[in-house]
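Q: The structure's right below; bear with me while I get my questions together.
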Amino acid sequence: MKTLMMAGATLLALSAVAWADDGMANAVGQIVRVTGGDASFEATFAADGAYSDTRGATGSWSLGEQLCISVQTETGTQENCGPWNPDLTVGESWTTSGWSDDGSTITVEIIAAQ
């Protein structure tokens, strides 16, 4: 049983590394600042697929054709998906309207972790 648990933990760890290497390596371990209109928050993406932000949201992330963030709310799990820029580097920002239904834009900036 211990061998099976270790194998499962190893596969999970390897899949987390694959997530990070598959387009999110620029954000994992850094702080991602998101600004839209007058609102702004900072998010962190961990290599194990964990997500958290300064608004108090926690959950998970995955990257396929789009970046999807799932967070726990009072009414259950809420998932939001949108485009991600894998070429963004620390200190750079990018503007997109791909995360909104109404065409409003957000600015995404990667800043070095403290």
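Q: What is the list of residues in segment 71-114 whose amide nitrogen lies under 17 Å from a point 7 angstrom out from the Cα of Ala46, following Cα to Cβ?
A: Counting only backbone N, you get 71-72, 113-114.
Q: Right, next: Cβ under 12 Å from Val71's Cβ, Val71 left aside: what net charge do those residues give with Lys, Arg +1 and Asp, Glu -1? Kindly include the intermediate steps, with their values, before the conclusion.
A: Details: positive: Arg55; negative: Asp53, Glu74, Glu79.
That sum, taken over residues with Cβ under 12 Å, equals -2.
Where a number appears in this text, it was derived from the coordinates with a stated rule and is not lab data. Keep in mind that what you see is a predicted model, and the values were worked out from it rather than measured. Here the Cβ is made from the backbone with ideal geometry for all residues, glycine too, and neighbour counts use every protein chain on show.
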